[in-house]
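Undergrad: Quick one: this structure, given as structure tokens, is what I'll be asking you about.
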Amino acid sequence: MKFFEKLKQRLSNTRKILIENAEALFTDKVIDETTLEELEDLLIMADVGPQAAVSITNAIREKIKKGEISESVWLKRALKGEIRNILHDGGGVEISGEKPYIILTVGVNGVGKTTTIGKLARRFTDNGLKVILAAADTFRAAAIEQLEIWAQRADAQIIKHKSGADPAAVAFDAIASAKAKNADIVIIDTAGRLHTKINLMEELKKIKRVISREIPSAPQEILLVVDATSGQNVIQQAKMFSDAVGITGIAITKLDGTAKGGIIIAIKKELNIPVKLIGVGEAVEDLQDFNAEEFVEALFG
Ligand SMILES: Nc1nc2c(ncn2[C@@H]2O[C@H](COP(=O)(O)OP(=O)(O)O)[C@@H](O)[C@H]2O)c(=O)[nH]1
Ligand SMILES: [Mg+2]
């Protein structure tokens, strides 16, 4: 299946909410204040968040006042334009600068960190890059085993310690190994157990300190992984990790099978952190670079 068709199909639940409900608005003859209120409700339902919903409808209201939109057939175009304005940037994780390039992956349990790391690693090794994975989620033995399976699939090396070991020590060893072997990229997996929130944040800060001590410009990427099915909780998570360690980019997983895909718009509007990757399924090829243009077309096209 073509990349774009797949994206469209995988976003079908969010599309349903937007398209089925919006179609009536788009085909109504007149647009008035009721139309705008309905549009706002619809956006909230698709989880674009209150800030973005209000700003989108206000922008459209202004356009109506100026006479730029007089019939509802123009509404869809205006809506797409406003969403595109909010999302604007494109994604992907750009590898540049000195070697090794360090990607620290953070996020709460179950969001898809390990899976995203595996998919990303595979993409890099397919491009001929030498990748080392660091199993710094030492909380459970199963987490280390899961990363090992992905390392095999991705043809990447893995640095691991016993479960219960100091995660920062694993990160340290992975960097040392990358330097010794002249590897291009180190991707560090971390734990996400939130019931010990303070400890988790302190642990992540320590990992980051250890990395920076070894390579002052690293970690070049601190990738927050969030699960689209969590809806507005994602905003809270992003704030929390951002305050603790700083975030350079977001990967949103599980956009397949959720009607809450509008959360991407909420993230951009409320946090202004670039969305770099989207997960639209469990297979290796289901991790895509985020592209605002394509995303809007896939939702409304
Ligand atoms: N449907 C779907 N499932 C995903 C996606 N990304 C990850 N998962 C699943 O989410 C579950 C948790 O993933 P995992 O990587 O272990 O999360 P972690 O605890 O953050 O490391 C696994 O069953 C993954 O297969 C995605 O984009 N779509
Ligand atoms: Mg994991």
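The values are calculated or read from the model by the stated rules, or taken from the named source; none is laboratory data. Source: prediction; values computed, not measured. Positions of Cβ are generated from backbone atoms using ideal geometry, with glycine treated the same way; all protein chains shown enter the neighbour counts. Each accessible area value is taken on the protein alone, full model and side chains, heavy atoms only, with ligands, DNA and RNA left out. Shrake-Rupley method; radii C 1.70, N 1.55, O 1.52, S 1.80 Å.
Undergrad: Could you please find all residues in the range 83-95 being in contact (Cβ under 8 Å) with a residue 40 or more places away in the chain and either among the β-branched types (Val, Ile, Thr) or surrounded by fewer than 16 Cβ atoms within 10 Å (Cβ to Cβ) (or both)?
TA: Hits for the range 83-95 are ILE83, ARG84, ILE86, HIS88, ASP89, GLY90, GLY92, VAL93, ILE95.
Undergrad: Which of the residues belonging to the range 108-128 are within 8 Å of ligand 1 (Cβ to nearest atom) and assigned to a loop (DSSP other than H, G, I, E, B)?
TA: Within the range 108-128, VAL108, ASN109, GLY110, VAL111, GLY112 qualify.
Undergrad: Report, ordered by the first and then the second residue, all pairs with beta carbons closer than 8 Å, sequence separation of six or more or different chains, a first member in the range 144-169 that is more than 20 Å from MET201 (Cα to Cα), and a second member that is among the acidic types (Asp, Glu) and part of a helix (DSSP H, G or I).
TA: Close Cβ pairs (under 8 Å, with a partner that is among the acidic types (Asp, Glu) and part of a helix (DSSP H, G or I)) amount to ILE158/GLU148; ILE159/ASP173; LYS160/GLU148; HIS161/ASP173.
Undergrad: Determine which member of the set ALA165, ALA143 is within 11 Å of ligand 2 (Cβ to nearest atom), out of contact with any helix residue (DSSP H, G or I) (no Cβ under 6 Å at 6 or more places or on another chain) and either assigned to a helix (DSSP H, G or I) or at pLDDT 95 or above (or both).
TA: Going through ALA165, ALA143 in turn, the sole match is ALA143.
Undergrad: Sticking with this one: Pairs under 8 Å by beta carbon, first residue closer than 16 Å to ILE250 by Cα and open to solvent by less than 10 Å² (accessible area, probe 1.4 Å) in the range 279-296, partner within 16 Å of ligand 2 (Cβ to nearest atom) and part of a loop (DSSP other than H, G, I, E, B), six or more apart or different chains?
TA: Pairs that qualify, where the first residue is closer than 16 Å to ILE250 by Cα and open to solvent by less than 10 Å² (accessible area, probe 1.4 Å) and the partner is within 16 Å of ligand 2 (Cβ to nearest atom) and part of a loop (DSSP other than H, G, I, E, B), are GLY279/GLY112; GLY279/LYS254.
Undergrad: Examine the range 197-211 for a residue that is open to solvent by less than 10 Å² (accessible area, probe 1.4 Å), within 16 Å of ligand 1 (Cβ to nearest atom) and touching a Leu at 6+ places or on another chain (Cβ under 6 Å), and state whether such a residue exists.
TA: no
Undergrad: What are the residue pairs meeting all of these: first residue in the range 68-82, first residue free of Cβ contacts under 8 Å to residues at least 24 places away in the same chain and closer than 20 Å to GLU293 by Cα, second residue open to solvent by less than 20 Å² (accessible area, probe 1.4 Å) and of a type outside the set (Asp, Glu), Cβ atoms under 7 Å, and 6 or more apart or on different chains?
TA: ALA78/ILE60; ALA78/ILE69
Undergrad: If SER212 satisfies every condition in (1) over 14 Å from the mean Cα position of the chain (by Cα); (2) modelled with pLDDT under 95 but one, which is the exception?
TA: SER212 satisfies all of (1) over 14 Å from the mean Cα position of the chain (by Cα); (2) modelled with pLDDT under 95 except (2).
Undergrad: Then there's this: Report, by residue number, each residue of the range 92-138 that is in contact with a helix residue (DSSP H, G or I) (Cβ under 6 Å, 6 or more places away or on another chain) and of a type in the set (Asp, Glu).
TA: Matches in the range 92-138: ASP137 only.
Undergrad: Under 9 Å between Cβ atoms, at least 6 apart or on separate chains: pull out the pairs that start in the range 9-27 with a residue that is under 10 Å from LEU42 (Cβ atoms) and open to solvent by 60 Å² or more (accessible area, probe 1.4 Å) and end on any residue that is charged (D, E, K, R) and part of a helix (DSSP H, G or I).
TA: Close Cβ pairs (under 9 Å, with a partner that is charged (D, E, K, R) and part of a helix (DSSP H, G or I)) amount to ASN21/GLU38; ASN21/ASP41.
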